[in-house]
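K.L.:
Below: one structure in structure tokens.
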Amino acid sequence: MDEPEIKAAVKTYILNEYLPGEDPAALTDTTELMTTGILDSIAVLKVVTFLESHFGITLEPHEAVVENLNTLSAIARLVMSKKA
Amino acid sequence: MTTRALHQLLDLSASRFPDKAAIEESEGDSIRYGELARLSDRVRDRLRQMGVEPGDRVGICLRKSADAVASLFGIMKAGAAYVPVDPTAPASRNAFIFRNCAVKSIIVEAQLADGLHQEFSPVCFAPESIVLDGVGAGVPLTHSLDQLDVVSPAPSTPSAVPDPARLAYILYTSGSTGQPKGVMLSHSNAACFIDWCSSVFQPNEHDRFSSHAPFHFDLSILDIYVSIKHGATLVIVEEQLGKEPARLAAWIAEKKLTVWYSAPSILSLMAQVGRLKDYDYSSLRVVLFAGEVFPIKYLKLLKLLWPHPRYFNLYGPTETNVCTFYEVPQVIPDCQTEPVPIGKACAYCEPLVVDEAGTEILPAAEGELCIAGPSVLEGYWNLPENTAKAFLPGRDNRWYRTGDIVVELPDGNYKFLGRRDRMIKKRGYRIELGEIEAALYRHPAIKEAAAVALPDDNGVSVKAFASTRNGARLSTIELKAFCAENLPLYMVPDLFCCVESLPKTSTDKVDYQKLKAMK
């Protein structure tokens, strides 16, 4: 699975779970997810659970941080690095 | 020992334990009691030099740190009340708070100072500031004071004479009309609670207290003052760490905390995803929670994973501090599906349950809990009408109306049933839905807005409804970003729903029940 596919899968998940009815084009690779309240702390945990189950990876506590999860791009980079 | 003024607690512990760590920060930096007391003396002297007098207010806009603790003690030593704000909240909200109570000075981090001063300039309000390059172990505060001393030395002055009736701090809480309101609390308001904690939790100088709650949140009163009164170590949970249950769970074990105090939400999350079985929590002896209902299934789970500490549910609005408490039994019966009760009144409080007319009701009937006693607030800053409405009319005693509907159980414990107004508790934060609506109304395209709280697995989520002037759909992402610019993040609604118009009742008021039922 390459980076665009990872982004697409995470984007679909976030749109369905946290932004129902939103225009998909409004959620870009650089939209800030944690610092603008799109994902609160509980939503972030659910995204982490989704990443672990969907991509078959395990995230360590120090990896589930704002630098790695604040945008779709950052999430895709994180998942790629875990799968490498 | 009876506490008279909060700032004396630090000096007393500094004389008993000068070389003991008073504050330890998340990364391990610490400051000793002797150093912390001296640093707070320097803050006092600098504030005096800047013209701060007993009875004034001084704002604090700092991340939690030794620097912040030294600052609030320094402010009280100068005889002033400290006004802490959320450094992560929008500058406009913090500037409103500082203007509202006319702070004489502000102690602020450089990265936050510009935003604040931009908000001040249009209204000719420019309190003098002590600006810190950052925070950490008191170093940036010391540096700022050194620099100010070069320009104009601040002579040493004695601390303010303890006056139990003087304001110690003002905590701003969400206001239903859209602006936060300041709860004024005196030294004696806090002191009776702190002394009660001493007798119930038996702290000593070997304890290591968590500081999870931010300093603008009233849970911090127990953390800071009970810990310092007993010469214990206050271990600061850095803001981001405090939201990440997996990392936090490991950190609590590593730091060998003995007393934990927080809202239930982070405890629920740690029970679920913290891998608590993997760590050693043998030091932990007391777990305190307050601020919202603890879902019973997660409390049971937590007690399975952390079986040995004593657990207490502490209840009370900012206006009364903690006023009832309940010790959770060692074993919660499997059949218990209801949350634990809020318990019985603390020794310094008198409870009364009244009906809508304010008349005392029979035991075992539902009614609003009112509280009288020395912990009850002085009033709301500059809001005499709100202050008057907060108390039961026509009585000698000042009975504060909590707005919480309760019932007294046969065993004498109170059970929390709900609210009589539109205030909610989410992740321990107190939120007036009206403040969220007022923020949405500031959006140029929004014609009507309403917010409701819906129960979910972790407590409640907030859903906002909006209709627009031109009928266009608004982007949820844009609305969330707009709210984040005007409200603290915890108040940003979880869900948005665009509607043609809001449903109304027969009296043309927003029909919140219908909104709650909308899919």
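K.L.:
Find the sum over both chains of the accessible area lost when B and A are paired, probe 1.4 Å, and report it in Å² to the nearest 100.
P.N.:
1800 Å²
K.L.:
Same structure, new question: Provide the FRET efficiency to the nearest 0.05 for the B:V354-B:K519 pair, computing r from the beta carbons and using R0 = 41 Å.
P.N.:
Given R0 = 41 Å and the Cβ-Cβ separation, E is 0.65.
K.L.:
Give the Debye-formula value of log10 I(q)/I(0) at each listed q (0.18 Å⁻¹), with one equal scatterer per alpha carbon of segment B:428-480, two decimals each.
P.N.:
-0.63
K.L.:
Provide the per residue accessible area, probe 1.4 Å, for segment B:116-185, rounded to a whole number of square angstrom.
P.N.:
For segment B:116-185, the per-residue accessible area is 47 Å².
K.L.:
Okay, moving on. With each pseudo-label sitting 7 Å past Cα toward Cβ, what's the B:H206-A:T49 distance in nm, one decimal?
P.N.:
If labels sit at B:H206 and A:T49, their model points lie 3.9 nm apart.
K.L.:
Determine the gain in length on full extension of the stretch B:E338-B:D114; use 0.36 nm per residue of separation and subtract their C-alpha separation, reporting nm with one decimal.
P.N.:
So the chain would gain 75.8 nm between B:E338 and B:D114.
K.L.:
Mind checking segment B:468-502 for GluC sites (Glu not before Pro) that DSSP puts in a loop (not H, G, I, E or B) and that have at most 13 other Cβ atoms within 10 Å?
P.N.:
Passing both the DSSP loop test and the Cβ count: B:E500.
K.L.:
Still on this structure, I have one more. Classify segment B:423-517 as rounded, prolate or oblate, taking a ≥ b ≥ c as the square roots of the eigenvalues of its Cα gyration tensor: rounded when a/c is under 1.5, otherwise prolate if a/b is larger than b/c and oblate if not.
P.N.:
Judged from the Cα gyration tensor, segment B:423-517 comes out oblate (a/c at least 1.5, b/c at or above a/b).
K.L.:
Cβ under 13 Å from B:W196's Cβ, B:W196 left aside: what net charge do those residues give with Lys, Arg +1 and Asp, Glu -1?
P.N.:
Cβ neighbours under 13 Å give a net charge of +1.
K.L.:
Then there is this: Taking 8 Å as the Cα distance limit and 6 or more residues as the minimum spacing, I'd like the relative contact order of chain B as a percentage.
P.N.:
Dividing the mean separation by the residue count of chain B yields 12 percent.
K.L.:
In addition: Let me have the relative contact order for segment B:423-517, percent, based on Cα pairs under 8 Å that are six or more residues apart.
P.N.:
27 percent
K.L.:
Follow-up. Once a ≥ b ≥ c are taken as the square roots of the eigenvalues of the Cα gyration tensor of the protein assembly as shown, is the result rounded (a/c under 1.5), prolate (a/b larger than b/c) or oblate (a/b not larger than b/c)?
P.N.:
Rounded, because the longest to shortest axis ratio a/c is under 1.5.
K.L.:
Pull out a ≥ b ≥ c, the square roots of the eigenvalues of the alpha-carbon gyration tensor of segment B:115-198, then state rounded if a/c is under 1.5, prolate if not and a/b is larger than b/c, and oblate in the remaining case.
P.N.:
Note, shape of segment B:115-198 comes out oblate.
K.L.:
Quickly estimate the mean residue ellipticity at 222 nm for the protein assembly as shown, helices only: each DSSP H run with n ≥ 4 gives -39500 (n - 2.57), and the total goes over all residues, rounded to 500.
P.N.:
-10000 deg cm²/dmol
K.L.:
Test of the criteria: in segment B:353-433, which GluC sites (Glu not before Pro) are in a DSSP loop and have at most 13 other Cβ atoms within 10 angstrom of their Cβ?
P.N.:
Listed in order of number, the matching sites are B:E356.
K.L.:
Can you send over the carbon and sulfur percentage of the accessible area for segment B:423-517, probe radius 1.4 Å, protein chains only?
P.N.:
52 percent
K.L.:
While we're looking at this one, here's another question. Identify the chymotrypsin sites (Phe, Trp or Tyr not before Pro) of segment B:70-103 meeting these criteria: DSSP loop state and at most 13 other C-beta atoms within 10 Å of the C-beta.
P.N.:
Listed in order of number, the matching sites amount to none.
K.L.:
For segment B:254-346, calculate the relative contact order in percent as a whole number, restricting contacts to Cα pairs under 8 Å that are 6 or more residues apart.
P.N.:
26 percent
The values are calculated or read from the model by the stated rules, or taken from the named source; none is laboratory data. If you're wondering where the values come from, they're calculated on a predicted model, not measured in any experiment. Glycine also receives a Cβ, built like all others from the backbone with ideal geometry; neighbour counts cover every protein chain displayed. Just so you know, the surface numbers come from the protein's heavy atoms only, side chains and all, with ligands and any DNA or RNA stripped out. Shrake-Rupley method; radii C 1.70, N 1.55, O 1.52, S 1.80 Å.
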